[in-house]
Amino acid sequence: MEKWDLLKKYKWKFIIPLLLFLLTLIFNRNFYGVFGEDNYVTIHLVIEILIIVVSFSIAIQAWLIVPYTQREKRMYIGALFLALGLLETFHTISYKGMPFFIENSSAYSATWFYIISSLTLSCGLLLIYILKFKSIFPAQRKIIYGSAIIYVVIWVAVIYYPRHLFPDLVIEGIGTTPLKNGLQYFSIFLQLLLIGYLWFSKKISTIEKSMIIIGSIYLILANLMFTTYKNVYDIRNLIGHLFSLVSYQYFLKALYYSSVKEPYEMLVEAQQQLEHSQKSLHHTAYHDELTGLPNSRFLEEHLSKELAKRNSKTAVMMLQIDRLKFINESLGSSITDTILQEVSVRLRGLLPSKIFISRLSGGEFIIILHELGNIDEVVAVSKQIHECMQEEFQVQHFNLKVKLNIGISISPEHGDNMEILIKHAQIAKGRAQNEIERYLIYQPDMEQYLEERLILEHDLHRALENKELFLEYQPQVNVKTGHIDSVEALLRWRHPEKGIISPVTFIPIAEETGLIVPIGEWVLETACTQAKKWQEEGLGNIGVAVNLSIRQFYQHNLVQMVEQKLQKTKLSPELLELEITESMTMETSYTIKTLHALKQLGLKIAIDDFGTGYSSLSYLKDFPIDCLKIDRSFVKNIPANDQDTVMISMIISLAKLLKLKIIAEGVEDINQFAFLAELECDYIQGYLCGKPLRPEILSTNFEKLQMDIYQYV
């Protein structure tokens, strides 16, 4: 709480005593004129007893709490008010009109006891709050409190000394003396110093500070009252005593708050924070930090409870973001994290809140469908999920297409515990990535496929080392001349036991495992070496086209690696053409930078499978592209299929406008060749002009192959 907020909160506690003070200055009538002189001593006695009670309450409270707080300031405050309570007691019993005690009651004794009490309070509080005390122990209470009692005994002995050692402070009928007023003004000065120190202090709690300041203000007003009254029956004397009582009450509140209420509130706050921390810890323990979805621990507990219900079916759907690892490696973890968050938001927005969604590690999610009626329900949910993923994700300056592979297992048909159900869903998910709809329900024979795939992955690690990989080359024929200007290098694998394994089978495995990087380097070097060898054999400057995988394209040292292979094989850069797919161009700035760096080496760049990706055609004007390769899916139905015919015509026209070379893949009959030639397609590639061949066969039969092609031109 700010200082000025303090004034606003307690403004009436300041205003009321000030108004009362002003009224008493104006109304200077003797108190007995209102209530009667005989009642004054009783009224005064009641007020003094209350002051004494409050003083001893503060002393007792401090005595009791010190062993638990060990705050030295509280100990000294307790000792101070013990002394004040005793001094006020002697002030009361020596007041004019009180019974005989040691000597007849008189204004001398009563007034000096009051002045000593006032100065002790003002000076004591100031010193306690300003000075820094050493740590004390509960055993020291007796010494400190004993010192307070000795202090009072000394003053009692001095004031009750048979011969008055001090001058009178009040003269009957005349009023207070300058000495008394001066001592009280000095007490006021000390109180003002205390208020000033507390006002600017940051070490004391706001509430305690407020109570002490308010109490000091009342004490100052009491002292001002005591400097202006004429006799003991003056109303100002009464108001002064009331102000003193109120001030002591606020001092008691200050001690109570700082020693009892404040620690209690801190304890309550600590307990609330602990409860909040426990809830937060529980949430952290059972929820994924990135997406906020339940984690695997939560999934285990939830699914175990559901499976315990034997009277209903439960579907476990495992979702995996396709190619997330590649996105992470190429675009960075921040992009990956955003995709995970956005996917979770879409899933949560699509599915009802009662459907349980959990995130596992990486890009895997689990959806639990309770009380499943039939298979159609889980199929419908799978289709809804794919539909909601059709819209591209806007991540920073990228528009990314995200696909989910979904594997489904159903209890009790596919298992009756969590481990088995998730395992079977994972197996189905692995097969789903090869499906058009990208979702599959688990079938028992899938496990055999997974085992075979794991064995194949293991064997692929040794394939390069064991020289099981080899290249075949397919001619790329110039449509106008019929000459074989270049060939495309195609990777093959001859397994020692299984024979030839299709690239469709092993290349995705190489991509996922990262083996495609060393394999890709081997392919590039081998192809360049072979092209140089053909050149040396007199077959001419036959160019060679090599496919780059996504992982290769996003290698940080791609350009340096290509340059090194060209230098090692001594192949002219213009005879090398690197093929990339449209899917590699989603990170535009990186693609442009990398392609320009490759072009500076002197080689050519081709976009493979053009028309099947999802990059914007407008990017073509920014990319340093030399060639577009029309995918075989557009070629196989021409010229019979009107849509494919129109599509190919548009692609070739676009390429001509951009001054790009065009290669049509998958040309297998003369009608396709004739149609492409009519559209002025630059090159064709396919079985019509030659199947992929081993390099030695191509070398041996090059002339015959060339003569066979001439017949189509």
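The values are calculated or read from the model by the stated rules, or taken from the named source; none is laboratory data. These numbers were taken from a predicted model, which means no experiment stands behind them. Neighbour counts run over all protein chains shown; Cβ positions are idealised from the backbone, glycine included.
Selection of the range 140-184 for residues being basic (Lys, Arg), within 27 Å of TRP63 (Cβ to Cβ) and in contact with a helix residue (DSSP H, G or I) (Cβ under 8 Å, 6 or more places away or on another chain) yields only ARG141. With respect to GLU521, determine if the residue is at pLDDT 90 or above and among the acidic types (Asp, Glu). Yes: the conditions hold for GLU521.
Being within 30 Å of ALA510 (Cα to Cα), among the acidic types (Asp, Glu) and at pLDDT below 80 is true for just one of GLU329, GLU371, GLU364. Which residue is that? Please lay out each step first, then the result.
On the way: GLU371 fails: within 30 Å of ALA510 (Cα to Cα); GLU364 fails: at pLDDT below 80.
Exactly one of GLU329, GLU371, GLU364 is within 30 Å of ALA510 (Cα to Cα), among the acidic types (Asp, Glu) and at pLDDT below 80, namely GLU329.
Does the range 263-285 include one or more residues that are acidic (Asp, Glu), at pLDDT 80 or above, under 28 Å from the mean Cα position of the chain (by Cα) and over 18 Å from SER409 (Cα atoms)? It would help to see each step written out before you state the result.
Here is the first cut: in the range 263-285, the residues acidic (Asp, Glu) are 265, 269, 275.
Right, trim to at pLDDT 80 or above and you get none.
No, every residue in the range 263-285 fails to be acidic (Asp, Glu), at pLDDT 80 or above, under 28 Å from the mean Cα position of the chain (by Cα) and over 18 Å from SER409 (Cα atoms).
Taking (1) under 28 Å from GLY514 (Cα atoms); (2) of a type in the set (Lys, Arg); (3) at pLDDT 80 or above in turn, ARG348 satisfies each apart from (1). With respect to the conditions (1) among the hydrophobic types (A, V, I, L, M, F, W, C); (2) surrounded by 15 or more Cβ atoms within 10 Å (Cβ to Cβ); (3) in the same structural domain as ARG359 (by TED's automatic domain parsing), LEU450 falls short on a single one, namely (3).
Can LYS180 be described as crowded, with 18+ Cβ neighbours inside 10 Å and more than 59 Å from the chain's Cα centre (by Cα)? Considered against the rule, which asks whether it is crowded, with 18+ Cβ neighbours inside 10 Å and more than 59 Å from the chain's Cα centre (by Cα), LYS180 comes out as yes. Residues that are at pLDDT below 85 and farther than 16 Å from LEU80 by Cα within the range 137-159 comprise PHE137, PRO138, ALA139, listed in sequence order. ASN405 meets each of the listed conditions (1) of a type outside the set (A, V, I, L, M); (2) at pLDDT below 90; (3) crowded, with 19+ Cβ neighbours inside 10 Å apart from (2). Contact map, the range 484-503: residues that are touching a residue at least 24 places away in the same chain (Cβ under 8 Å) paired with residues that are of a type in the set (Phe, Trp, Tyr) and outside any strand (DSSP E or B), Cβ distance under 7 Å, separation 6+ or inter-chain. Pairs shown: TRP493/PHE506. Screening the candidates LEU360, LEU347, LEU340, LEU369 for the property of being in contact (Cβ under 8 Å) with a residue 60 or more places away in the chain and among the hydrophobic types (A, V, I, L, M, F, W, C) yields one hit, LEU360.
Where helices (runs of 4 or more DSSP H) fall wholly inside the range 600-695, the ranges with 1 or more residues that are among the hydroxyl-bearing types (Ser, Thr, Tyr) are 632-635, 642-657. Suppose the filter is loosely packed, with under 13 Cβ neighbours inside 10 Å, assigned to a loop (DSSP other than H, G, I, E, B) and assigned by TED's automatic domain parsing to the domain that holds GLY349; does GLN394 pass it? Taking the combined requirement at face value, the residue does not satisfy it. When restricted to residues that are surrounded by fewer than 22 Cβ atoms within 10 Å (Cβ to Cβ), part of a loop (DSSP other than H, G, I, E, B) and not polar (S, T, N, Q), the range 354-369 contains 4. For the range 679-713, the set of residues classified as of a type in the set (Lys, Arg) and at pLDDT 90 or above consists of LYS691, ARG694, listed by residue number. If a residue must be surrounded by fewer than 16 Cβ atoms within 10 Å (Cβ to Cβ) and either touching a His at 6+ places or on another chain (Cβ under 9 Å) or closer than 22 Å to ALA531 by Cβ (or both), how many such residues does the range 661-686 contain? Going through the range 661-686 one residue at a time, the tally reaches 0.
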